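The values are calculated or read from the model by the stated rules, or taken from the named source; none is laboratory data. All figures in this text were calculated on a predicted structure; none of them were measured in a lab. Cβ sites come from the backbone with ideal geometry, for glycine too, and all protein chains shown count toward neighbours.
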Amino acid sequence: MPVLVTDTAAREIDAIIKQQGLDAEKIRLRVGVKGGGCSGFSYLLDLTEVQKDTDEAWDFSFEKGETAFKRIDAETGGGGVATAAAEVFNVRVICDQKSYLYLNGTTIDFKDEIYQRGFVFNNPNASTTCGCGSSFSA
């Protein structure tokens, strides 16, 4: 199963890429895990242009609307076709093979609430997660 990105997370990734002046066509969202954190493993997110031959990779397309993105890839029934007037943003997710063992099927979301602002991982492989949501055990 792929590592998925929600519409809300895609909108934030797009904003970060623009703020940092990066080339959206070359940028990949690298997702990974490392040992540490309160629960045993910590999540890693990085914007990079470097993709290794051994990385797992998924491409997602989102149609930019006035207030939100709408996923248009074939997996969600969108048929992979955007309307001609719509602006499309692509998120290319990459993950090393070892991290993928722990992240298979994970959904990355973004929360912007009074008590929390940041990327959130919904990981079906995690047996426990810490209170802050940035680490887990499997």
Within segment 86-123, which residues are hydrophobic (A, V, I, L, M, F, W, C), more than 15 Å from the chain's Cα centre (by Cα) and modelled with pLDDT under 90? 86, 88, 114
Got a sec? Which of 53, 14, 23 is of a type in the set (D, E, K, R), modelled with pLDDT of 90 or more and either on the phi > 0 side of the Ramachandran plot or surrounded by 13 or more Cβ atoms within 10 Å (Cβ to Cβ) (or both)? 14
Check segment 70-85 and report whether any residue there is closer than 25 Å to residue 118 by Cα and either among the small types (Gly, Ala, Ser) or modelled with pLDDT of 85 or more (or both). no
Go through (1) in contact with a helix residue (DSSP H, G or I) (Cβ under 6 Å, 6 or more places away or on another chain); (2) part of a helix (DSSP H, G or I); (3) not hydroxyl-bearing (Ser, Thr, Tyr) one by one and return the number of the condition residue 15 breaks. (1)
Give the residue that is nearest to residue 117 (Cα to Cα), with candidates limited to residues of segment 27-45 that are out of contact with any helix residue (DSSP H, G or I) (no Cβ under 7 Å at 6 or more places or on another chain) and modelled with pLDDT of 95 or more. 30
